[in-house]
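Undergrad: Structure incoming, see below.
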Amino acid sequence: MSERPKSRARAEIRTLLERARRVLIVAHVEPDGDAIGATLGLAWALRRRGVSCTLACAHPVPDSLRFLPGSEAFAPRWRTDEDAIVVLDTSDTQRIGEIYRDERGGVPLVVIDHHVTNLRFGDVNWVEARASTCELVLDLVGDLGVPLDVEIAACLLTGVVTDTRGFRTRNTHAATLAAAMTLMDAGASLGDIMDAVFRSRSITTLRLWGVALERLQHEDGIAWLEVSQDDLRRAGAPPSAADGLSNLLSEVREVDVAVVLREVRANVVDVSMRSTPRVDVAAVALSLGGGGHRQASGCLLKLPLPEARERVLDALRRAVA
């Protein structure tokens, strides 16, 4: 297997991080395993070089990812005295959330992401289509000359596992499996990670899913359901309990596009979309102000739930047609 060519952006990021002494590393809102794993993996690698790292995220780390070393250090904050900012697995500033501040005082903003819809909002942008952002961070760790250890490897393997849904997505290639093998050779336990992330659902989560699935709608290959704030309150479930519903719907053979609309708060709706190869939901998400991958994308709409539903369905019907 030939080595991937190093991009100019990747080389610039290496140089910038070799000179940095204090770095702010940021994960996106409603963080998933790839965002948290990439952030922690890079942080542990930089600390091995004597760099002080501060971790930021607008939302809490999900319970299923709290097993990762260092996950307790995340907080909703922005730059203070750091001399570099790295934003991971994030396609635009809206995905950073309310902590984002554009005033940086000349401090460079680095973006590392695997989403092809990334808007390249940083001063240096390394955007490359891979199965996970953690694979890019693994390459960067090698560029920095940091030996892999069990902490770095466990964090990065978690991102690979979660974003490929246990090596099941179509963008899981030989290079993805090779990265996983490298991380396992460094001491990361695939079995422990699989148990932690895929056996983490609670009874309250299942109750929420039951309520939502009762309202499942299906029309011309599009399946959709909604999770309201009232649903969450009744089930006694956190917002993260809705995670995984879109993946579940996408496994139904009659479904070309699966959509879950979750009410974040009044007039704000998080939209998660999954599709078969023939439908490009990334293009749909981008048209709605979001982004992601061809078969897995999302967006955030500042609309009441009924209006958000109709806007999304209208866009999807055109895409399917």
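Undergrad: Taking interchain pairs and intrachain pairs at least six residues apart, which have beta carbon atoms under 7 angstrom, with the first residue in the stretch 275-301 and within 14 Å of Asp113 (Cβ to Cβ) and the second open to solvent by less than 20 Å² (accessible area, probe 1.4 Å) and acidic (Asp, Glu)?
TA: Gly291/Asp92
Residues checked against (1) farther than 14 Å from Ala45 by Cβ; (2) open to solvent by 40 Å² or more (accessible area, probe 1.4 Å); (3) in contact with a helix residue (DSSP H, G or I) (Cβ under 8 Å, 6 or more places away or on another chain):
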site: Leu136; (1), (2), (3): no, no, yes
site: Val141; (1), (2), (3): no, no, yes
site: Glu151; (1), (2), (3): no, yes, yes
site: Leu156; (1), (2), (3): no, no, yes
site: Thr162; (1), (2), (3): yes, no, yes
site: Asn171; (1), (2), (3): yes, yes, no
site: Met181; (1), (2), (3): yes, yes, no
site: Met194; (1), (2), (3): yes, yes, yes
site: Thr205; (1), (2), (3): yes, no, yes
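Undergrad: Could you tell me whether Val320 is more than 20 Å from Arg215 (Cβ to Cβ), aliphatic (A, V, I, L, M) and in contact with a helix residue (DSSP H, G or I) (Cβ under 6 Å, 6 or more places away or on another chain)?
TA: Values: more than 20 Å from Arg215 (Cβ to Cβ): yes; aliphatic (A, V, I, L, M): yes; in contact with a helix residue (DSSP H, G or I) (Cβ under 6 Å, 6 or more places away or on another chain): no.
So Val320 fails the test.
Undergrad: Here is a further query. Name the single residue, out of those in the stretch 250-295 being in a helix (DSSP H, G or I) and under 18 Å from His28 (Cα atoms), that is most open to solvent (accessible area, probe 1.4 Å). Lay out the reasoning, then the answer.
TA: Pass one, the stretch 250-295, residues in a helix (DSSP H, G or I): 250, 281-287.
Among the residues that remain, those that are also under 18 Å from His28 (Cα atoms) are: 282, 285-286.
Numbers: Ala282: 7, Ala285: 0, Leu286: 85 Å².
For the stretch 250-295, the residue satisfying everything is Leu286.
Undergrad: Testing Thr15 on (1) more than 17 Å from the chain's Cα centre (by Cα); (2) open to solvent by less than 50 Å² (accessible area, probe 1.4 Å); (3) among the hydroxyl-bearing types (Ser, Thr, Tyr), one condition comes back false. Which one is that?
TA: Thr15 satisfies all of (1) more than 17 Å from the chain's Cα centre (by Cα); (2) open to solvent by less than 50 Å² (accessible area, probe 1.4 Å); (3) among the hydroxyl-bearing types (Ser, Thr, Tyr) except (2).
Undergrad: How many residues, within the stretch 113-123, are open to solvent by less than 20 Å² (accessible area, probe 1.4 Å) and touching a strand residue (DSSP E or B) at 6+ places or on another chain (Cβ under 6 Å)? Don't jump to the end; show me each part of the working.
TA: Going residue by residue through the stretch 113-123, those that are open to solvent by less than 20 Å² (accessible area, probe 1.4 Å) are 113-114, 117-118, 122.
Keeping just the survivors that are touching a strand residue (DSSP E or B) at 6+ places or on another chain (Cβ under 6 Å) gives 113, 117-118, 122.
Selection size over the stretch 113-123: 4.
Undergrad: Could you tell me whether the stretch 21-29 includes any residue that is in contact with a Leu (Cβ under 7 Å, 6 or more places away or on another chain) and surrounded by fewer than 21 Cβ atoms within 10 Å (Cβ to Cβ)?
TA: The answer is no; no qualifying residue exists.
Undergrad: If the requirement is being within 21 Å of Pro62 (Cβ to Cβ) and either out of contact with any Ser or Thr (no Cβ under 7 Å at 6 or more places or on another chain) or part of a helix (DSSP H, G or I) (or both), which of these qualifies: Arg215, Arg207?
TA: Only one candidate qualifies: Arg207.
The values are calculated or read from the model by the stated rules, or taken from the named source; none is laboratory data. Remember, it's a predicted structure, so these values are computed and weren't measured experimentally. Backbone-built Cβ (ideal geometry, glycine too); neighbour counts: all protein chains shown. All accessible areas refer to the heavy atoms of the entire protein, side chains included, with ligands and DNA or RNA removed. Shrake-Rupley method; radii C 1.70, N 1.55, O 1.52, S 1.80 Å.
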